[in-house]
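Note sheet for the following structure.
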Amino acid sequence: MPTWSKLLYQHDALAIAQGDVSYYSSVNKFGANFDIDLGTDPESIWTAGGLYPWGAFIFPAFLKLVSTVATDTSNITLEGLDEEGKPLIVVMQMQGTTVVQTSVKFLRIYRMEYDGGTLNAGTITATVDLVLDYVVAQIEPELAQTLMAIYTVPKGYTAYMTSFDFSLPRGKDAQIRLYIREFGSSFKIKHLSEAYENSYRYSFDVPLKLPELTDIDMVAAEVETANTRVSANFQLTLVDNARPNR
């Protein structure tokens, strides 16, 4: 039987999800990496593979979007942070294999959703408008949304991580690392665990406090077989710093 404290938490979480609690909201991030090899790990848990290129956002940048299939011409929604680090949502129309560019600069991007009447046929990528064209977000064919266990807390907010989990298919194992970088600092590991052909979930008894502009990166390492697939999720409660003191 659930404890009273757990029931109370579930009640509060439902109220937040329904929008009944001012200054509070929830964020669920989920990602996957479909091909991690012995010679390529560690890799971030996102579909583009490799470690996430945080260095691509040393400065805010325009994003360029393109698909590998010409029929992907519906709208796409981009979610991230603007030049000041505040929440930013941009909706624009894809042009298939023709590159389109955002009209505003992003400091971070952490989600894309393809809004067509059908699923995207090709791989859709977003790259920063620089010489090296780093891929910073990717949608795999027929998924219509990015899978990236990566996030940055918006300016003016504080995030509280309540739980995270990861899973591995049969015959696969990996070490999962939760990296956190507070603004002006460097990435530091906050949790490490290993699993073999299983799932793992960790709930914080006291939520992990993450100040504004903190970067979150879930990374898989120490795989022992090729073509290892890893999926991961984490749950945040986002609190507006304008909330009156209590």
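The values are calculated or read from the model by the stated rules, or taken from the named source; none is laboratory data. Only a predicted model underlies this, so the values are computations on that prediction, with no experimental measurement involved. Cβ sites come from the backbone with ideal geometry, for glycine too, and all protein chains shown count toward neighbours.
General remarks:
- Single unsatisfied condition, Asn198 versus (1) surrounded by 14 or more Cβ atoms within 10 Å (Cβ to Cβ); (2) without any contact (Cβ under 8 Å) to a residue 40 or more places away in the chain: (1)
- Residues in the range 23-82 that are of a type in the set (Val, Ile, Thr) and outside any strand (DSSP E or B) were compared, and the one that is farthest from the chain's Cα centre (by Cα) is Thr71.
- Scope the range 70-90; condition of a type outside the set (D, E, K, R) and under 14 Å from Val100 (Cα atoms); matching residues: Ala70, Thr73, Ser74, Asn75, Ile76, Thr77, Leu78, Val90
- Note on the range 99-117: among residues that are assigned to a loop (DSSP other than H, G, I, E, B) and over 21 Å from the mean Cα position of the chain (by Cα), the one that is surrounded by the most Cβ atoms within 10 Å (Cβ to Cβ) is Gly116.
- Scan the range 193-246 for residues that are of a type in the set (Val, Ile, Thr), under 18 Å from the mean Cα position of the chain (by Cα) and not in a strand (DSSP E or B) and the total you get is 1.
- Qualifying residue in the range 14-24 (condition: of a type in the set (D, E, K, R) and either touching a strand residue (DSSP E or B) at 6+ places or on another chain (Cβ under 9 Å) or at pLDDT 90 or above (or both)): no
- Within the range 82-95, the only residue that satisfies the criterion of being surrounded by fewer than 16 Cβ atoms within 10 Å (Cβ to Cβ) and in contact with an Asp or Glu (Cβ under 7 Å, 6 or more places away or on another chain) is Ile89.
- Per this entry, Thr228 is not counted among residues that are β-branched (Val, Ile, Thr), touching a residue at least 60 places away in the same chain (Cβ under 8 Å), more than 26 Å from Leu38 (Cα to Cα) and surrounded by 18 or more Cβ atoms within 10 Å (Cβ to Cβ).
- For first residues located in the range 91-118 and closer than 24 Å to Ile150 by Cα, partners that are loosely packed, with under 13 Cβ neighbours inside 10 Å and lie 6+ apart or on another chain with Cβ distances below 6 Å form the pairs Val91/Asn75; Asp115/Asn75.
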